[in-house]
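Colleague: Below is a structure I'd like to ask you about.
The values are calculated or read from the model by the stated rules, or taken from the named source; none is laboratory data. From a predicted model like this one, the values you see are computed outputs, not experimental measurements. Virtual Cβ from ideal backbone geometry, glycine too; neighbours counted across all protein chains shown.
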Amino acid sequence: MQVLYRKYRPQQFKDFTAQNHVIQTLTNEIEQNKIAHAYLFSGHRGTGKTTMARLFAKAINCQNRKGFEPCNECLACKEINKGSAVDIIEIDAASNRGIDDIRSLRDSIRYRPNLLKYKVLILDEAHQLSKDAANALLKILEEPPKYVVFILATTEAHKMISTISSRCQRFDFYKLTIKEIVSKLERIAKEEGIVIQKEALELIAMSSDGALRDAEGILNQVLNFSFGREIKVEDVQDMLGVVDLSLAFEFVEFLRDKNISEAVKYLNEKIEKGLNIDEFSKTIINFLRKLLILKISKDLVDDIAMGETKETKDRMLDLASQFEAKNLKLILDLFLGAESKRMFSSIPQLPFELALVDYYYKS
Ligand SMILES: [Zn+2]
């Protein structure tokens, strides 16, 4: 199977899932023929900077453009889509960061473009250029040939030298929201004829931290394991190595019953079976936090328990209602304390056992 993020890379501006603020300005410039000589696309990884750069390069070179969208059918569009347009030069500054790289770049823009209207130079990870290279680049940016457009992309705009950034029109790319990622994944699933639970998509979106490319990569991996059957949230949990929530439920139910001896026994059994104490405390603290928030407001359940099934959400609401808020807060405090003491304890579970005893006497 072709890698999803390549297959579903936007070929027109209307296909973009996010970054509307960027699209609006860029498409205006295209329509009014007011192309700048240098752009700076900054933002978190996987937010579409390079994709936008290629799309913009295509749109300004399309021979048959209607409005601002490239036609994807003319020779220029086709060459660019194939990645074989010699006038579109992509450089990864992470591996080509020296002065010689910028000098050869300078040589390559000495001549007018072959086929296209503009030569477009896309410089990825531009902040990684060496100091000399950055200064050489600055020289070029001071007097760029008319037929050249620079697009610098960076995940760390603050590391760019200011004399370069100030010569660029800057656009900040935002991390995608969970909703935006889910909607793109839904579209891919539909096109591919994949049946996948909405909660599974939400879990993928949540774990990708706003980077669409990562989300598409996870979906790709899940597909490779699914062999054509429906994909459930459990499949994604397995793949991502998320600790099973049933563990959190069982443990916290002992706390609800103030059955400390069972809680201690349960903790020790799990550790003997190879459960990592850090994973355990992270899972429990995260779970208790959710219960506390649900205790305060049931309406937040869809946000708090996003990626969980309806049954799990109901079970969480139920469990939260069986606790007093002050006790949830107490155990959460005690566990946070235990977590910070863990590193100084020769017996990793001891701080948690002490927290449980404290809870017994204080609740
Ligand atoms: Zn075209």
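Colleague: Looking at Ile30, is it surrounded by 14 or more Cβ atoms within 10 Å (Cβ to Cβ), over 25 Å from the mean Cα position of the chain (by Cα) and β-branched (Val, Ile, Thr)?
Modeller: Yes.
Colleague: Could you grab me the full set of residues in the range 165-190 that are in contact (Cβ under 8 Å) with a residue 60 or more places away in the chain, part of a helix (DSSP H, G or I) and either closer than 19 Å to Gly46 by Cα or among the aliphatic types (A, V, I, L, M) (or both)? First the steps, then the outcome.
Modeller: Quick first cut of the range 165-190, residues in contact (Cβ under 8 Å) with a residue 60 or more places away in the chain only: 165, 167-178, 180-181, 183-184, 187-188.
Imposing the further condition that a residue be part of a helix (DSSP H, G or I) reduces the set to 165, 178, 180-181, 183-184, 187-188.
Residues satisfying the conditions are Ile178, Glu180, Ile181, Ser183, Lys184, Arg187, Ile188.
Colleague: Among the listed residues Phe280, Phe254, Phe287, identify the single one that is surrounded by 15 or more Cβ atoms within 10 Å (Cβ to Cβ), modelled with pLDDT of 95 or more and not in a loop (DSSP other than H, G, I, E, B).
Modeller: It is Phe254.
Colleague: From (1) more than 22 Å from Arg213 (Cβ to Cβ); (2) touching a residue at least 40 places away in the same chain (Cβ under 8 Å); (3) in contact with a helix residue (DSSP H, G or I) (Cβ under 8 Å, 6 or more places away or on another chain), pick out the condition that doesn't hold for Phe41.
Modeller: With respect to (1) more than 22 Å from Arg213 (Cβ to Cβ); (2) touching a residue at least 40 places away in the same chain (Cβ under 8 Å); (3) in contact with a helix residue (DSSP H, G or I) (Cβ under 8 Å, 6 or more places away or on another chain), Phe41 is out only on (1).
Colleague: Determine whether Glu191 is at pLDDT below 95, not assigned by TED's automatic domain parsing to the domain that holds Lys313 and not hydrophobic (A, V, I, L, M, F, W, C).
Modeller: In short, yes.
Colleague: Limited to the range 191-225, what total is found for residues that are in contact with a strand residue (DSSP E or B) (Cβ under 8 Å, 6 or more places away or on another chain), assigned to a helix (DSSP H, G or I) and farther than 20 Å from Arg6 by Cβ?
Modeller: The qualifying residues number 1.
Colleague: So, one more: Let me confirm something: among Ile194, Ile109, which residue is surrounded by fewer than 20 Cβ atoms within 10 Å (Cβ to Cβ) and under 32 Å from the mean Cα position of the chain (by Cα)?
Modeller: Ile194
Colleague: Residues Leu275, Leu294, Leu255, Leu288: which one is more than 19 Å from Glu339 (Cβ to Cβ) and either more than 32 Å from the chain's Cα centre (by Cα) or aliphatic (A, V, I, L, M) (or both)?
Modeller: One residue alone meets the criteria, Leu294.
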